[in-house]
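Asks: Before anything else, here's the structure in question.
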Amino acid sequence: MEEKRAENGVAAMAVCYQGFDPAAYLQNYYTPPLADLERKDSIVPWKLACLHKAFTEGDVSGELLVDIGSGPTLYQVMSGCEVFNKVLLTDFLEVNRQELRGWLQDEGRCSLDWTPFLQHVYKLEGRRPSAWTEKAAKLRQVIMDIVPIDVHCPLSLALDVLPSAGADCLVSCYCLESVSPDLAAFTRALGNIGRLLRPGGHLLLIGALGESYYFGGPGVKIPVVPLNEAQVCASLKESGYTLIMLEVYTLRQDMRGLFDNASGVFFVKAMKE
Ligand code: SAH
């Protein structure tokens, strides 16, 4: 009975995602005012700074980085591509994988210009922002593939995609809470993706706090599990991770309620036990 209800909840989420519109999502969330790279207190510079710090502290290393639920975005692997020789992008929807392929093949089939993001991250790395094309080339060189994923399946990725030892690091942004019907499903999804990670490997997780919906496109209202910090910590523990660091960004009042009802964002660095 309980299992059937869980399955129905997950199936209902998949239906919601059928209307997801990559171009509208990018426009809403990755252009100003929400993504204002000129403002230090804007959300995207905060996320990029967290990722930059996490990837340069020295403890996150190895050969393979996997991004879980990439969506149509690339910002989340712009720091990691300097540390890992291989980066695997994943998403549930073909429209998102197609958007990413458009950038990878560099044929101008992109809904968003990622140049300012590449420049911003280059600057964080102490390099000349004007040399951003080197970073774009590096990113294109290390992305090995863009593959389907379903975080609700115990085997979320196809078997032949990863080395048997697992990935060295996972990054995942705004995915698990916005594809799970409830907290139990969120926790199970954390456990499922943990199976892709080698013991001692790291998880870098970014997600919304206190959010019960967001718009994945015009009129496409997607339900989200409203999380607080304590729930994130408890779910990580239950799913076999040791928390290393949790940081919280509180959304400015004037940035709230544009395309969702989040109150903030969390950034987690954790390790698989
Ligand atoms: N990582 C991006 C996109 C987050 S939006 C960012 O930081 O903005 C949430 C993403 O989860 C969408 O791309 C959606 O296609 C994907 N998704 C939906 N259902 C999923 C599932 N069952 N498993 C994995 N990803 C899923």
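The values are calculated or read from the model by the stated rules, or taken from the named source; none is laboratory data. Just so it is clear, the structure is predicted and the values come from calculations on it, not from any experiment. No Cβ is skipped: glycine too gets one built from the backbone with ideal geometry, and neighbour counts run over all protein chains shown. What goes into the accessible areas is simple: the full protein's heavy atoms, side chains included, and nothing from ligands, DNA or RNA. Shrake-Rupley method; radii C 1.70, N 1.55, O 1.52, S 1.80 Å.
Asks: Report the residue count in the stretch 139-170 for those that are touching a Leu at 6+ places or on another chain (Cβ under 8 Å) and more than 9 Å from the ligand (Cβ to nearest atom).
Replies: Adding up the residues that qualify gives 16.
Asks: Collect the residues in the stretch 81-106 that are more than 10 Å from the ligand (Cβ to nearest atom) and acidic (Asp, Glu), keeping them in residue-number order.
Replies: Correct list: GLU82, ASP106.
Asks: While we're here: Of the residues that make up the stretch 40-51, is at least one open to solvent by 30 Å² or more (accessible area, probe 1.4 Å), in a helix (DSSP H, G or I) and within 14 Å of the ligand (Cβ to nearest atom)?
Replies: yes
Asks: With the condition being touching a Gly at 6+ places or on another chain (Cβ under 8 Å), closer than 26 Å to TRP46 by Cα and of a type outside the set (S, T, N, Q), I'd like the strands (runs of 3 or more DSSP E) fully within the stretch 81-174 carrying at least 3 qualifying residues.
Replies: 167-173
Asks: Looking at the stretch 186-244 only, could you name the residues that are more than 21 Å from LYS53 (Cα to Cα) and of a type in the set (D, E, K, R)?
Replies: Those that are more than 21 Å from LYS53 (Cα to Cα) and of a type in the set (D, E, K, R): ARG188, ARG195, ARG198, GLU211, LYS221, LYS237, GLU238.
Asks: Further question: Is it the case that some residue within the stretch 261-273 is over 18 Å from the mean Cα position of the chain (by Cα), over 23 Å from ALA14 (Cα atoms) and at pLDDT below 95?
Replies: Yes, because at least one residue in the stretch 261-273 is over 18 Å from the mean Cα position of the chain (by Cα), over 23 Å from ALA14 (Cα atoms) and at pLDDT below 95.
Asks: How about the stretch 98-141: which of its residues are aliphatic (A, V, I, L, M) and surrounded by 14 or more Cβ atoms within 10 Å (Cβ to Cβ)?
Replies: Matches in the stretch 98-141: LEU100, LEU104, LEU112, LEU118, VAL121, LEU124, ALA136, LEU139.
Asks: Here's a follow-up. Could you list, in sequence order, the residues of the stretch 56-80 that are in contact (Cβ under 8 Å) with a residue 12 or more places away in the chain, more than 16 Å from the ligand (Cβ to nearest atom) and either in a strand (DSSP E or B) or not charged (D, E, K, R) (or both)? Before the answer, list the steps.
Replies: Here is the first cut: in the stretch 56-80, the ones in contact (Cβ under 8 Å) with a residue 12 or more places away in the chain are 56, 59-80.
Of the ones still in play, those that are also more than 16 Å from the ligand (Cβ to nearest atom) are 56, 59-64.
THR56, VAL60, SER61, GLY62, LEU64, listed by residue number.
Asks: Considering LEU124, LEU170, LEU162, which residue is at pLDDT below 95 and closer than 24 Å to GLY201 by Cβ?
Replies: Just one listed residue meets the conditions, LEU162.
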